[in-house]
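Asks: Please see the structure below; I have some questions.
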Amino acid sequence: MKPFAYAKPGDVAEAVRTVAAEPAAVYLAGGTNLVDHLKLGVARPDLVVDVRTLTSREVTDSPDGGLRLGAASTNSEVAADRRVRERYPVLAAALLAGATGQLRNTATTGGNPLQRTRCVYFGDVTTPCNKREPGSGCSAVGGYTRYHAVLGVPAALPDPADPATCIATHPSDMAVALAVLDAQVQVLGPTGERTIPFTELHRLPGDDPARDTVLEHGDLITAIDLPPLPEGARSTYRKVRDRASYAFALVSVAAVVSGDDVRLALGGVAHRPWRASRAEELLRGRELTEDAVRAAMDAELAAAQPQPGAGGGNGFKIPLVARTVAATLRELTEAPA
Ligand SMILES: Cc1cc2nc3c(=O)[nH]c(=O)nc-3n(C[C@H](O)[C@H](O)[C@H](O)COP(=O)(O)OP(=O)(O)OC[C@H]3O[C@@H](n4cnc5c(N)ncnc54)[C@H](O)[C@@H]3O)c2cc1C
Ligand code: SF4
């Protein structure tokens, strides 16, 4: 493991100044993702800045009737909060579908959405990977693609030697729920505070697959705000995985139904949590019959691109995510009030 310096600043402003001043500095929160990457040589910082005790660990009521999740609140604390369970069941369910009890006790609201991809080649420093080592190529194309993207990828098979190629997915369950809830991310950066809509936090690979988000160097997440849902809204999260627990999503669905409105976010299918805007548009004001949901998902997935690869590739995800959306909406509309 590459040696690095460790700093524990006195407050968030000092933490931001410290990271901004050192190009090879990173923040440390629960460490459940970053520490693995330090050990594997995937992350090679010169300085690790511990922010775990600097941001709020509280879940607080917001004046608009929503909730503010302090960046240091743990995944267990948020999932267990009575207000989260009653008002945002989709978030509690997504958190409880992730990792294990021990990990959730340590993982934080700030760190969870910023965890890196679980692409096996990203974690294997002996293989080319544009995300880990820009310009080195992409080992996943034609390789093991079971957990890789089908949306937000080029229509033709990507060129593994192209420095822009990356077909990785974002692995966080929590992030899919935050996307459907239209959460807002509070950021303190070197130039001050700003708010980023959660749906705009993560990016597609574009020409720079090394960047997962729109955050700039030194930006610190201080809190995530959940706007109130309409009265009577129902929400839930469904995750399909290779085994019943302790596995990342093959596909997942976060859904909110309220009156004539349907909100859908998909996990395990793209480089970022995927808000299914086309399907939402087609379902708005419609009765959620099987035919209507199937047609909406056909439209949403029209540009989906299966990736060939070992064991048959990942084309199975396209019908799987459509069926998972149908099952999730059935659960929400058929459950007794
Ligand atoms: C065995 C295992 C199984 C897992 N299974 C799942 C699963 O099924 N589903 C799932 O969703 N997750 C799963 N995870 C991932 C886990 O949820 C994440 O590791 C965790 O949420 C990361 O949070 P953390 O606080 O530990 O972040 P850290 O590891 O401390 O940091 C993660 C990243 O975020 C940055 N960062 C942290 N806090 C901030 C901040 N406030 N502002 C800016 N940058 C920040 C760090 O620099 C780092 O790049 C699993 C992890 C393991 C080890
Ligand atoms: S899919 Fe992305 S993360 Fe995986 S090997 Fe290719 S460039 Fe790296």
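Asks: Report, by residue number, each residue of region 133-183 that is in a helix (DSSP H, G or I) and charged (D, E, K, R). It would help to see each step written out before you state the result.
Replies: Just the residues of region 133-183 that are in a helix (DSSP H, G or I), to begin with: 173-180.
Hit for region 133-183 is D173, nothing else.
Asks: Another one. Among the residues of region 183-194, is any modelled with pLDDT of 95 or more and closer than 29 Å to P306 by Cα?
Replies: No, because not a single residue in region 183-194 is modelled with pLDDT of 95 or more and closer than 29 Å to P306 by Cα.
Asks: Here's another thing I want to ask about it. What's the number of the only condition in (1) within 11 Å of ligand 1 (Cβ to nearest atom); (2) of a type outside the set (K, R); (3) out of contact with any His (no Cβ under 7 Å at 6 or more places or on another chain) that T213 fails to meet?
Replies: Every condition holds for T213 apart from (3).
Asks: Determine whether L226 is crowded, with 18+ Cβ neighbours inside 10 Å, away from ligand 1 (no atom under 16 Å from the Cβ) and either closer than 24 Å to L96 by Cβ or of a type in the set (G, A, S) (or both). Even if it seems obvious, please write down each step before you answer.
Replies: Values: crowded, with 18+ Cβ neighbours inside 10 Å: yes; away from ligand 1 (no atom under 16 Å from the Cβ): yes; either closer than 24 Å to L96 by Cβ or of a type in the set (G, A, S) (or both): yes.
Yes: the conditions hold for L226.
Asks: Exactly one of these conditions fails for R85: (1) closer than 24 Å to L266 by Cα; (2) in a loop (DSSP other than H, G, I, E, B); (3) modelled with pLDDT of 95 or more. Give me its number.
Replies: With respect to (1) closer than 24 Å to L266 by Cα; (2) in a loop (DSSP other than H, G, I, E, B); (3) modelled with pLDDT of 95 or more, R85 is out only on (2).
Asks: Those residues that are part of a helix (DSSP H, G or I) and either within 16 Å of ligand 2 (Cβ to nearest atom) or closer than 12 Å to R238 by Cα (or both), I need them from region 92-112; list them, please.
Replies: A92, A93, A94, L95, L96
Asks: Scan A177, A149, A183, A140 and give me the residue that is touching a residue at least 24 places away in the same chain (Cβ under 8 Å) and touching a Cys at 6+ places or on another chain (Cβ under 7 Å). Can you show your working first?
Replies: Details: A177 fails: touching a Cys at 6+ places or on another chain (Cβ under 7 Å); A149 fails: touching a Cys at 6+ places or on another chain (Cβ under 7 Å); A183 fails: touching a Cys at 6+ places or on another chain (Cβ under 7 Å).
Answer to the selection: A140.
Asks: Could you pull out the residue among S62, S136, S76 that is hydroxyl-bearing (S, T, Y) and within 14 Å of ligand 1 (Cβ to nearest atom)?
Replies: The conditions single out S76.
Asks: Let me ask something else about it. What are the pairs, 6+ residues apart or on separate chains, where a residue within region 276-295 that is over 19 Å from A335 (Cβ atoms) has its Cβ under 6 Å from a residue that is part of a helix (DSSP H, G or I) and not aliphatic (A, V, I, L, M)?
Replies: Listed by first residue and then by second, the contacts come to A276/E300; R278/E300; A279/E300.
Asks: Hey, can you tell me all the residues within region 241-293 that are within 16 Å of ligand 2 (Cβ to nearest atom) and either surrounded by fewer than 21 Cβ atoms within 10 Å (Cβ to Cβ) or part of a helix (DSSP H, G or I) (or both)?
Replies: F248
Asks: Another question, if that's okay. Any idea which residue in region 158-170 is farthest from ligand 2 (Cβ to nearest atom), counting only those that are touching a residue at least 60 places away in the same chain (Cβ under 8 Å) and in contact with a Pro (Cβ under 7 Å, 6 or more places away or on another chain)?
Replies: H170
Asks: Could you list, ordered by first residue, the pairs with Cβ atoms under 9 Å in which the first is in region 249-262 and at positive phi and the second is in a loop (DSSP other than H, G, I, E, B), at least 6 apart or interchain?
Replies: G259/P230; G259/G232; G259/A233
Asks: Can you tell me how many residues within region 301-337 are in contact with a helix residue (DSSP H, G or I) (Cβ under 6 Å, 6 or more places away or on another chain) and in a loop (DSSP other than H, G, I, E, B)?
Replies: Selection size over region 301-337: 2.
The values are calculated or read from the model by the stated rules, or taken from the named source; none is laboratory data. Source: prediction; values computed, not measured. Here Cβ is always computed from backbone atoms with ideal geometry, including for glycine, and neighbour counts include all displayed protein chains.
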